[in-house]
Structure formats: C-alpha cells, structure tokens
Amino acid sequence: MRDTMIGVIGGSGIYEIDGLEHATWETVASPWGTPSDQILTGNLNGHKMAFLPRHGRGHVHSPTSIPYRANIDAMKRLGVTDLVSVSACGSFRETMAPGDFVIVDQFIDRTFAREKSFFGEGCVAHVSIAHPTCPRLSKLVGEAAKGAGAKVHMGGTYLAMEGPQFSTLAESKTYREQWGADVIGMTNMPEAKLAREAEICYASVAMVTDYDSWHPDHGEVDVTEIIRTLMGNSEKGRAMAKALTTLLPKERPYCEAGCDRALDVAIMTAPEKRDPKLMKNLDAIVARVLG
C-alpha cells in the first residue's frame, strides 16, 4: 500500500483546480524535456494532487508540440498513482451531445508526428494496451462527473488525430460510419500509452464540444461555439476533480487490472545490452522493476 496521489492533466479550458490547499506551482525536471508547464501541487480533501495544464498556461502548445513524455515522467516523479485526463473532443454520435462527458475506454491512434514510447533502441519493452484505460479509476471518475452535474456516457472509442486542423468531411464520415469511433480529439495519444508504460492508472474524460463535421445540421466545426461550450464544461470538469477526492481511498490498493504492474514482463533487452544513457533517463519509469 502507498498513499494515493491524484494527477489531473487538463486540456483546453481546464487551466487550474479550485480549492487546492497549500497550492504551489512546482518546476519538475525531466530527462525527456521540459513539461508543458510547471505543475500545481497541493492537497484537496486530504488527498495529494498534481495538476498540469496540457497546453501550458496561455495555451502555448499545439497538440503535436505537447511534450508528452516529459509530462508523464514528471507526474511519475511526483508520485502520481491515478491520472485523469480531461480534454475537449468532437462527437460522432447524436446521443453524445455538446456538453456531455464521455468516459473513454478505447482509442484509435491516428497520430504520426509524436514520440510514443519511453523505450526503444537500447532498452526494448512491450506493454499491453488492449484495455488502455483503468476500469477502476474510470468508474470512479464517471461517478465524480455525475456528481458534478454532467451527463455522462460510460465507455466510448476516442479517435486521436494529429491536428491541428479539424477533420475533413470525408474523414469525419469514415471515422464515424466505418471505424465506429464515438469521439475525436488530438491529445490523448500517446498520453495513454505513456501512462501505461509508467505504470500509472489512467482515465480519460472527453468533454464534448461539437459534432465534428459529419453532422448535416451543424456543418463544419465552429471554434466560437467550441469555446462557448468549453466554458460550461470546464466548471464541471473542475468540480469533477474535487468530487473524485471523496471517492478514491487515501491508501492506494493494487490495481486489479494490473496498470501499476505493466512492466512486470515487458522489458525484453538483456541487462548487458541496455544503453546506460537511456537507462538513466528511464530511472523513474523503471524504478519498481529494476530498482
């Protein structure tokens, strides 16, 4: 057992957490680069919490330029055990309307210009992401979102696109009709993959802002409308984070799904073949399995 520490990575519209006691913006050094911003740490309802604005304060990072590896590594170094991703998304389903929250449980990764793993030449590892989010944490996040007044959909497939442009009409129809995606966004990949490599339980909350471009009655994505919906969603998102502290135990049990033991049999490279420089960079990620 160890203490629960909640991490929140906030997307567009979520730039702070209300009510944090002893709140401090901390600079966390990472061998994987500089995180998107300093990390706001403090206590909320007796839980340690860390909040990182994914795009940086002032929204300075595009989806492609977000330093995903540095962000996850920094959360790991702070001791985060349960990480909640909050992000804006478009919807492919009439029933998932603007203003709704979708607790994502699957991804289709269409990104192509991002580093997607902590591992590689010098230390090869393969983790399973058949189920890329933590079912225990996702269930509690869903309850917290409902408690915050959001209409919540439990389960959904998130199509991660590279961006920064929105989809063409042909792409939007393909993702919806042929691929079966439910929502579309630009930031949850490779974030979810990296969280699994770092053995951090991860839940994804997709806050619907629009119907993408497939919807015959809504047409192309309107940024003005997105921002208006974001403002309403962001208040519920912050309330959700606060409500989650009442649901998570202060002492962290082992994850029943094994998210916190993802590296048990993942590292393939023989000890004598591992690159010392890479292993130094991996110190926080592999500390549990390699000491």
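None of the figures in this text is laboratory data; all of them are computed from the coordinates on show. If you're wondering where the values come from, they're calculated on a predicted model, not measured in any experiment. Cβ sites come from the backbone with ideal geometry, for glycine too, and all protein chains shown count toward neighbours.
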When a/c reaches 1.5 or more, the comparison of a/b and b/c decides; with that in mind, is segment 89-218 rounded, prolate or oblate per its Cα gyration tensor?
oblate
What lysines could a cross-link reach from LYS242, if we take a straight Cα to Cα line under 22 Å and drop same-chain neighbours fewer than 8 places away?
LYS48, LYS76, LYS139, LYS146, LYS151, LYS250
With the label point 7 Å along the Cα-to-beta-carbon line of VAL289 and a cut-off under 15 Å to each amide N, the hits in segment 85-111 are none
Evaluate the distance, in nm, between pseudo-label points positioned 7 Å from the Cα of GLN178 and of ASN45 along their respective Cα→Cβ axes.
4.5
Say the dipole of the chain comes from +1 at the beta carbon of Lys and Arg and -1 at that of Asp and Glu; which of LEU169, GLY19, ILE285 then lies farthest toward its positive end?
ILE285
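How much length would be gained if the chain were fully extended between LEU278 and GLU121, taking 0.36 nm per residue of separation minus their Cα-Cα distance, in nm to one decimal? Please report the intermediate quantities before stating the final value.
Numbers: separation 157, 0.36 × 157 = 56.52 nm, distance 0.87 nm.
Gain on extension, LEU278 to GLU121, equals 55.7 nm.
Percent antiparallel among DSSP beta bridges with both residues in segment 2-290, to the nearest 5?
Around 40 percent of the beta bridges assigned by DSSP in segment 2-290 are antiparallel ones.
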For SER117, distant residues with modelled amide H under 5 Å away
none
For n ≥ 4 DSSP H runs only, could you compute -39500 (n - 2.57) per run for the chain, divide by its residues and tell me the 222 nm figure to the nearest 500?
-7000 deg cm²/dmol
Ranked from highest to lowest mean number of other Cβ atoms within 10 Å per residue, what is the order of the peptides 69-81, 182-194, 35-47, 241-253?
182-194, 69-81, 35-47, 241-253
What do you get for the angle between helix 223-244 and the principal long axis of the chain? Use alpha-carbon atoms, 0 to 90 degrees, nearest ten.
50
Run the quick spin-label model on VAL265 and THR34: label points 7 Å from Cα toward the beta carbon, then report their separation in nm to one decimal.
4.3
So, over other residues within a Cβ distance under 11 Å of TYR175, counting Lys, Arg +1 and Asp, Glu -1, the net charge is -1
Work out, step by step, the length gained on full extension between ARG252 and ALA130: first 0.36 nm times the residue separation, then minus their alpha carbon distance; give nm to one decimal.
41.6 nm
So what's the net charge close to SER85: Lys and Arg +1, Asp and Glu -1, counting the other residues with Cβ under 9 Å from its Cβ?
0
Only bridges with both residues in segment 67-220 count here: give the DSSP antiparallel percent, nearest 5.
25
Estimated FRET transfer efficiency when R0 is 22 angstrom, pair LYS139-ALA23 (beta carbons, to 0.05):
0.20
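Once you have a ≥ b ≥ c as the square roots of the Cα gyration tensor eigenvalues for segment 134-291, tell me rounded if a/c is under 1.5, and otherwise prolate or oblate according to whether a/b is larger than b/c. All intermediate terms of the calculation are to be shown ahead of the outcome.
On the way: a/c = 2.56, a/b = 1.51, b/c = 1.70.
It comes out oblate by the Cα gyration axes.
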